[in-house]
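Working notes for the structure below.
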Amino acid sequence: IELTNIYLWKNENLESNDINLYQLLAHSDALITDYSSVGADYLLVDKPLAYVRDDIDEYSAKRGFCFEDIEKMSPGSKIKNKQDFINFIDDIVNNKDQYKKERKWVRDFYHKYQKGNSSKVLSDYFDL
């Protein structure tokens, strides 16, 4: 499907264009991810997230999760089927953001320092 405002980039596309995934995050309106840590990183831009959860039971049995309550640590829509995907896109288009409060809680959990001065904090800590 060719769309003018939705892009599907695979890692090969990024590498062949000398682009790092993190360069794209700030320019996106939302992120759909699976269990990848990019979701935790994306919390720093405070934009809507959706998590593909069509295989959560299988994934949990085979690999497991770092957190007992993975749903609590995934502050966004859960996509288990086509309709969940459509609902998430509709929310983005209509500027609905029902997980803002949850994102803030998880962002603060993951990211202690968010003020953009981490190098100074580290330098001061080591008295450099």
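Mind counting the residues in segment 1-43 that are under 26 Å from Glu102 (Cα atoms) and open to solvent by 90 Å² or more (accessible area, probe 1.4 Å)?
The total comes to 4.
Somewhere in segment 29-38, is a residue at pLDDT below 90, within 19 Å of Leu8 (Cα to Cα) and not in a loop (DSSP other than H, G, I, E, B)?
yes
Out of everything in segment 90-112 that is in a helix (DSSP H, G or I) and in contact (Cβ under 8 Å) with a residue 40 or more places away in the chain, what residue ends up being nearest to Leu31 (Cα to Cα)?
Out of the qualifying residues, it is Ile92.
Within segment 52-72, does at least one residue satisfy the condition of being at pLDDT 90 or above and hydroxyl-bearing (Ser, Thr, Tyr)?
No, segment 52-72 contains no residue that is at pLDDT 90 or above and hydroxyl-bearing (Ser, Thr, Tyr).
I want to confirm something. Restricting to segment 66-89 and keeping residues that are in a strand (DSSP E or B) and without any contact (Cβ under 8 Å) to a residue 40 or more places away in the chain, which single residue is surrounded by the most Cβ atoms within 10 Å (Cβ to Cβ)?
Taking the candidates together, the pick is Ser77.
The values are calculated or read from the model by the stated rules, or taken from the named source; none is laboratory data. From a predicted model like this one, the values you see are computed outputs, not experimental measurements. Note that we place each Cβ from the backbone using ideal geometry, even for glycine, and neighbour counts take in every protein chain shown. With ligands, DNA and RNA removed, areas are computed over all heavy atoms of the protein, side chains included. Shrake-Rupley method; radii C 1.70, N 1.55, O 1.52, S 1.80 Å.
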